[in-house]
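**Student:** One structure coming up, written as structure tokens, with questions to follow.
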Amino acid sequence: MTRRTVRIAMNGVTGRMGYRQHLVRSVLALREQGGLDLGDGTVLWPEPVLVGRREHALREIAGRHGLTEWSTDLDAVLADDTVDVYFDAQITSARVEAVRKAIAAGKHLYVEKPTATSLDGALELARLARDAGIKHGVVQDKIFLPGLLKLKRLVDGGFFGEILSVRGEFGYWVFEGDWQEAQRPSWNYRAEDGGGIVTDMFPHWEYVLHELFGRVTSVQALATTHVPRRWDEHGKPYSATADDAAYGVFQLEGGAVAQINSSWAVRVHRDELVEFQVDGTHGSAVAGLRGCRVQHRSATPKPVWNPDLPVTESFRDQWQEVPDNLAPGAEFDNGFKAQWELFLRHVVLDEPYAWDLLAGARGVQLAELGLRSSAEGRRLDVPELTL
């Protein structure tokens, strides 16, 4: 086996998502398995170069994982000709400037979503990357989750017949930060810092709906701030200026309707933190992060509404679990890692890759239109994007 090293500047690894999912569970996990086997006698070895603003945090992370390269000087890292890829998981408001610099330096790009704070900014990045002739990808991790992979298998296999509707429930209670520490950073609740659940989650819903069921053609949304007062990482109270819940209705190409509730102010009474129910003429399915259950029309009971009698059987027990159907001994990999592998193969082998900066711009577009829909109180068309 020949080992080929790809050096990746990773900006934002001191944050929760950048550290846990991208550095530890993706890039370092690839190293722990001996690298990425390219299938031609070559193993790709990812070499992270940690980048950020907090020197002490970078030094601590590097020491914890036996890494030797880190820097607070992004310009110097981008000027290094041995760096192949720039990855960005920073706060959204800092992303556009850094990505512009990486494009100018000729680095391949892999970035978290949303790619920019506005559609104009997202499209600008996509055009710059195209004109620079570099490879670029956007994190769209949820379509690589086991539950949604099973759901896509059902869609591709024609299980549903005509798909009528999609209903999604996402969220959990994020503590206010006064008597119990919040699970999310305080900037998520400040609009001036790029926070808000629409900005965060509508890009996810765009690619999930687009990939599985069809392009979103219109959106009607209501965004609100249910918890207006929170406490930051230092225990200081602040006013939440960003939305913490959003209720959206999306018309899909082909006629299906999707309704998705997103909230950081809801207590969970579901099997998983996110669930999607798909109803079609031939069958229905409920998919979460890992599991997926189905009910075919031939096995659908005939419920009768009678509020005067107690329910005598569990509706959940009437559904069948979708099997993993993997090879013996195999298991589903981490969704972030699976997409990292595809992107690195795209960079090195030029294999096809659909989730680029234009795909990322579609997510920014849907979030922007969702906020506008809420502000104006009306349904808005979602134009198809081109560069």
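**Student:** Go ahead and set up a Gaussian network model of the chain, Cα springs under 10 Å, then flag whichever of LYS107, LYS152, LYS236 fluctuates most.
**Tutor:** Among LYS107, LYS152, LYS236, the largest GNM mean-square fluctuation belongs to LYS236.
**Student:** Just to confirm my numbers, what's the Cα centroid distance between the stretch 270-320 and the stretch 333-372 in Å?
**Tutor:** Comparing the Cα centres of the stretch 270-320 and the stretch 333-372, I get a distance of 32 Å.
**Student:** Between rounded, prolate and oblate, where does the chain land on the alpha carbon gyration tensor, with a ≥ b ≥ c its root eigenvalues, rounded for a/c under 1.5, else prolate if a/b exceeds b/c?
**Tutor:** Numbers: a/c = 1.67, a/b = 1.37, b/c = 1.22.
It comes out prolate by the Cα gyration axes.
**Student:** Cut-off 10 angstrom, C-alpha nodes, Gaussian network model of the chain. Which of GLN220, GLN90, GLN320 fluctuates the most?
**Tutor:** The residue with the greatest mean-square fluctuation here is GLN320.
**Student:** Moving on. Treating only the Cβ atoms of Lys and Arg (+1) and Asp and Glu (-1) as charged, compute the dipole magnitude of the stretch 201-266 about its Cα centre; round to the nearest 20 debye.
**Tutor:** 200
**Student:** So which GluC sites (Glu not before Pro) in the stretch 167-252 are both in a DSSP loop and have at most 14 other Cβ atoms within 10 Å of their Cβ?
**Tutor:** GLU181, GLU233
**Student:** HIS226 to ARG20: FRET efficiency via 1/(1 + (r/R0)^6), r the Cβ-Cβ distance, R0 25 Å, to the nearest 0.05?
**Tutor:** 0.40
**Student:** Same structure, new question: Say the dipole of the chain comes from +1 at the beta carbon of Lys and Arg and -1 at that of Asp and Glu; which of VAL27, VAL304, ALA327 then lies farthest toward its positive end?
**Tutor:** The one lying farthest along the dipole's positive direction is VAL304.
**Student:** Farthest toward the dipole's positive end in the chain, which of TYR353, ALA57, VAL257, given Cβ charges of +1 (Lys, Arg) and -1 (Asp, Glu) about the Cα centre?
**Tutor:** VAL257
**Student:** Post the alpha-carbon centroid distance, the stretch 219-258 to the stretch 166-189, in whole angstrom.
**Tutor:** Rounded to whole Å, the Cα centres lie 11 Å apart.
**Student:** Same structure, new question: Taking every DSSP beta bridge with both residues inside the chain, roughly what % is antiparallel (nearest 5)?
**Tutor:** Among the beta bridges of the chain, antiparallel pairing accounts for roughly 60 percent.
**Student:** Taking the Cα centre as origin and putting +1 on Lys and Arg beta-carbons and -1 on Asp and Glu beta-carbons, what dipole magnitude results for the chain, to the nearest 20 debye?
**Tutor:** Here the chain has a charge dipole of around 180 debye.
**Student:** Hey, which lysines would be in cross-link range of LYS150, C-alpha to C-alpha under 17 Å, not counting anything within fewer than 8 residues on its own chain?
**Tutor:** LYS142
**Student:** Sticking with this structure for a sec: Among SER284, VAL138, LEU148, whose Cα projects farthest towards the positive end of the dipole of the chain, with charges put on the beta-carbon of Lys, Arg (+1) and Asp, Glu (-1)?
**Tutor:** Sorting the options by dipole projection puts first SER284.
**Student:** Using the Kyte-Doolittle scale, which helices in the chain average at least -0.5 and also have C-alpha atoms spread 18 Å or more along the helix axis, with helices defined as whole DSSP H runs?
**Tutor:** Membrane-span-like by this criterion, though nothing is claimed about a membrane: 119-132, 197-212, 335-349, 357-376.
**Student:** What dipole magnitude, in Debye to the nearest 20, does the stretch 143-330 give about its Cα centre under +1 on Lys/Arg Cβ and -1 on Asp/Glu Cβ? Before the final figure, lay out each step's value.
**Tutor:** Numbers: 17 positive and 25 negative charges, 68 e Å.
For the stretch 143-330, the charge dipole is close to 320 debye.
**Student:** Rounded to the nearest 500, what is the chain's calculated 222 nm mean residue ellipticity when only DSSP H runs of at least 4 contribute -39500 (n - 2.57) each, over all residues? Can you show the working numbers first?
**Tutor:** Values: 9 runs with 107 residues, N = 387.
So the calculated ellipticity at 222 nm is -8500 deg cm²/dmol.
Read-outs throughout are calculated quantities, based only on the coordinates presented, and are distinct from any laboratory measurement. Because the structure is a prediction, the values reported are computed rather than measured. Note that each Cβ is placed from the backbone with ideal geometry, even for glycine, and that neighbours are counted across all protein chains shown.
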